[in-house]
Amino acid sequence: MAFAGRHVVLGVSGGIACYKSCTLARRLTEAGATVDAVLTASAAEFVRPVTFEALTGRPSSPPCGSGTGRSPTSGWRASRTS
């Protein structure tokens with residue numbers, strides 16, 4: 001897969017499958033993509049945002065719906081720049 005120069009917004013929701021998104025984020029990053037993970041509050045209970053920071057080298061923001069003042073649609077804004 002040729003992902004060099006691509007910007008991927010990876011949406012992660014709560015559930016046991018969110019662990020697989022860690023592998024996907026790592027593989028996309030290794031393939032040259034810039035990966036921004038957008039987590040729901042439920043996903044952040046399974047996998048902490050710092051995990052995605054370590055895997056992608058990109059800063060993480062508070063999960064959507066966590067009461068931190070972050071808009072639930074902020075992930076959409078990230079996708080518009082992709």
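Using alpha carbon coordinates only, what is the Rg to Rh ratio of region 12-55, with Rh defined as the Kirkwood radius? Don't jump to the answer; show the numbers that get you there.
Numbers: Rg = 9.8 Å, Rh = 10.3 Å.
The Rg/Rh ratio comes out at 0.95.
Can you list the HN-Hα couplings for region 10-17, worked out from phi with the Karplus curve (6.51, -1.76, 1.60; θ = phi - 60°), rounded to whole Hz and with x for Gly and Pro?
9, x, 10, 10, x, x, 5, 5
The numbers here are math on the coordinates, done by the rules we state, and not lab data. Note that the coordinates shown come from a computational prediction; the quantities given were computed from them, not determined experimentally.
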